[in-house]
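Written below as structure tokens is the structure these notes are about.
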Amino acid sequence: MGMVMLLLLALLAFMIIGSLIAAESEDLLSAVVCVGAVGSGLAIIDLLLGAPDLAITQVVVEVLCVAILIRVVLTRRDETHETHKDTFAIATVLLVLGVLLVLGGWAMTTLHPFGQPLLASDAPGVAAQYLAGGVAEVGAVNYVMSVLLDYRAYDTLGEATVIFVSVIGSYAILRRTGRSHRAARSQEGES
Amino acid sequence: MNSGMSLIVKTVTRLVAGFITLFGIYIVLYGHVSPGGGFAGGAILAAGLILVLLAFGREATLRMMSHDGALAWDCGGALAFVLIAALGYLAGGFFVNFLSHGEPGQLNSAGMIPLLNAAIGAKVGAGLFGVFLALAVFRPGRHREDPS
């Protein structure tokens, strides 16, 4: 087991502990801080595995998300937190989780071995062609971009559509209170 | 929040915000040469605007980038992305890279990938900032200043 592997396992344990604290904490603010810690661990893992593009995106998006969540948590107190003590529900959830864990572990055995590059030049499929012809066919030195915006641009279009729809949807949900209040206010003005 | 944070935070923000924006633009424009790209650069741009919003408060920031402005940049970026993709029909199909590939490693290379990156950067930056505005500035029961 190499040095990188040890670091990865330590980061993984750190992230699991962080998620557990985030899920179990009573205080929303400390839960948000724990989510931020988990995201930073993921960014360092991306960096260790040689994916700087992902690491940059992960760091920035994590900072943004934590800033947004802290801002929201500070203004809006959530008093609806309640504890469930239903034994049957907890037992069912644990049982389903156990079955999923076994099935997931079984599925893991068919995956590509960890740490071996998936995009090897002798790999079957389109990966070899991307690596061999990327610079000549597209002209981008950054292979990630030549895959994202040229070979697989349809996927990026779908991803961009998802972001666009989620932003528009959040506007729609958050503006409805204002609009109904405006309607109520104008009705008050008329009467 | 309306008056913003302390003088120290405001001074540091005034010094740093421009560099954050510059770095975001660099990440967007050099996405095809070095690690980065439209999404990461757009998120950095949004982070710079959110820093200004947190430090200076609502009024000063909405003068720089209003809510409608964020919405316009978001929709404009999405439209530009699809339009550039549709321009590929000039060369035979949707998303066909019709511009010259240039010399790999230079800024002016990879055909329309920098243009697509710029569109995604505008879309993601304005979208994330707009979501922050919606979550943090809109108050329940109090609509934004809208004369219409």
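Numbers at a glance
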quantity	calculated
Dipole in debye (nearest 20) - segment B:7-136, about Cα centre, beta carbon charges: Lys, Arg +1; Asp, Glu -1	320
Test item: A:129-136 mean partner chain Cβ contacts at 10 Å	1
Cα lying deepest toward the dipole's positive end in segment B:7-136, options B:Gly37, B:Ala86, B:Gly18, charges on Cβ	B:Gly18
Virtual spin-label span in nm between B:Glu59 and A:Val4, 7 Å along Cα→Cβ	5.5
Average beta-carbon neighbours from other chains, 10 Å sphere, peptide B:109-120	5
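Readers should treat all values here as calculations from the given coordinates under stated rules, not as data from a laboratory. Just so it is clear, the model here is predicted, and its values are computed rather than measured. Ideal geometry is used to build each Cβ from the backbone, glycine not excepted, and the neighbour counts take in all protein chains shown.
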